[in-house]
1. What does DSSP give for the chain in terms of the percent of beta bridges that are antiparallel, rounded to the nearest 5?
2. Each label point is 7 Å from the Cα along the Cα-to-Cβ direction; what then is the distance between the points at residue 345 and residue 324, in nm?
3. Express in Å², to the nearest 10, the accessible area of residue 52 obtained by rolling a 1.4 Å probe over the protein heavy atoms while all chains stay in place.
4. How long is the gain from residue 276 to residue 154 if the chain were fully straight, where each residue apart is worth 0.36 nm and the alpha carbon distance is subtracted?
5. Can you list the lysines whose alpha carbon sits under 23 Å from that of residue 4, skipping same-chain ones fewer than 8 residues off?
6. Can you send over the solvent-accessible area of residue 65, 1.4 Å probe, protein chains only, in Å² to the nearest 10?
7. Could you calculate the FRET efficiency of residue 64 with residue 169 from 1/(1 + (r/R0)^6), where r is the beta carbon distance between them and R0 is 25 Å, rounded to 0.05?
8. Can you pull the accessible area of residue 276 for me, 1.4 Å probe, Å² to the nearest 10?
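The values are calculated or read from the model by the stated rules, or taken from the named source; none is laboratory data. Worth saying up front: this structure is predicted, and the values here are computed from it rather than measured. Cβ sites come from the backbone with ideal geometry, for glycine too, and all protein chains shown count toward neighbours. The area values use the complete protein model at the heavy-atom level, side chains included, leaving out ligands, DNA and RNA. Shrake-Rupley method; radii C 1.70, N 1.55, O 1.52, S 1.80 Å.
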Amino acid sequence: MSRKLLVTGGAGFIGSNFVHHWCKTYPDDRVVVLDALTYAGNRGNLASLEGKENFRFVRGDICDRTLVDKLLQTENIDIIAHFAAESHVDRSILGPGAFVQTNVVGTFTLLEAFRQHWQTNNQPLNYRFLHVSTDEVYGSLAPNDPAFCETTPYAPNSPYSASKAGSDHLVRAYYHTYGLPAIITNCSNNYGSYQFPEKLIPLMCINILMGKPLPIYGDGKNVRDWLYVNDHCSAIEVVIQRGTPGETYNIGGNNEVENINLVQMLCQLMDELALDLPVRPSQNLITFVKDRLGHDRRYAINSNKLQTQLGWTPSVTVEEGLRLTVEWYLTHRDWWEPLLSEEYQAYYRKNYLQSAS
Ligand code: NAD
Ligand code: DAU
């Protein structure tokens, strides 16, 4: 039987990759995207789906209860895949208010609307609320600590991760209190196509292509666990299909890399694949800058539960995924050049002025 999905934040980085993945895998399902098109949203990410019978794009805010109610009802939604969020840690340090509004109030609004919709329809067994969250809610690891697992206590350290933790707690409470069939996924750092160039990997790729300094915070030895975005999408698919309501699943690539090593890998790939670089070797552009406030030292995810219980495995290594990503940014100048807008330049100056060493 075909399903009706509401994908919030479907014009963003992971959301748009997920929408493409789902529409390709389940062409008979209907996908409705709800996205406010903030600076991070880009309707062009979904251009190849526009006009298709089973696809609809709605520009709107997840905090708009009237709109959400209307969409759930008129589209007869049975699954919400909730990606919409303010997602960048540096922006949360500069201005936390939007993070509380979208990540906490927005998630609450969706939960309330979905609860009413689910109860009005006599609590169908196939309904799901899939809440996409982050490993950052678990805080920071010391070098020899074991990786985060689903029972690791929450200890968020940035306004971003605190707002995501708040939304996770609400989702959990809606399952325990009302029995709402909600599932949470906590994922590590994603990379791949359509990622906005404020995040480490696209920012470094684009700065290399433009011959601009590559700003590395602190000593560059912070560790992140990198996951190719297509693998995140396949994990969410598996959780929607086979996950148990009320459960949490960690998603990670088992690819811990220090930032400085990751940037060096990107420089090598660019030196190999890009024909005309303004500065070569591009690692001459590496510049250490003042550290991010409250910068978490290390993240690592243990995704054994997802792998053993639901049978998911990542499909690419970090070397393969980075190569695909560098190739994508090299061949999609038309996608990223317009993003380097006045707003972006203003954000960049504000963030990196404060970071100048
Ligand atoms: P993104 O910033 O690229 O996209 C967010 C999308 O949400 C944008 O399209 C934006 O327009 C939309 N949006 C923002 N506020 C909205 C609102 N009030 N109403 C409707 N739409 C709104 O984010 P992303 O990197 O794709 O992350 C998606 C989700 O995955 C987030 O919940 C994030 O916390 C989580 N996550 C991200 C990563 C990562 O590495 N990027 C890792 C783990 C979890
Ligand atoms: O762990 C999952 C999280 O990963 C997601 O929940 C967030 O939405 C996503 O933004 C990401 O958060 P990070 O803060 O880890 O990602 P970011 O790309 O901003 O930074 C990765 C690392 O690189 C981090 O240690 C900070 C560092 N960094 C980042 C930038 C933008 C730099 O050294 N220089 C930079 O210019």
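1. Roughly 10 percent of the beta bridges in the chain run antiparallel, per DSSP.
2. Once both label points are built, they end up 3.5 nm from each other.
3. The accessible area of residue 52 comes to roughly 120 Å².
4. Fully extending the segment from residue 276 to residue 154 adds 39.3 nm.
5. Straight-distance partners of residue 4: 24, 52, 70.
6. The accessible area comes out at roughly 70 Å².
7. On the way: r = 23 Å, r/R0 = 0.90.
Calculated value: 0.65.
8. 130 Å²
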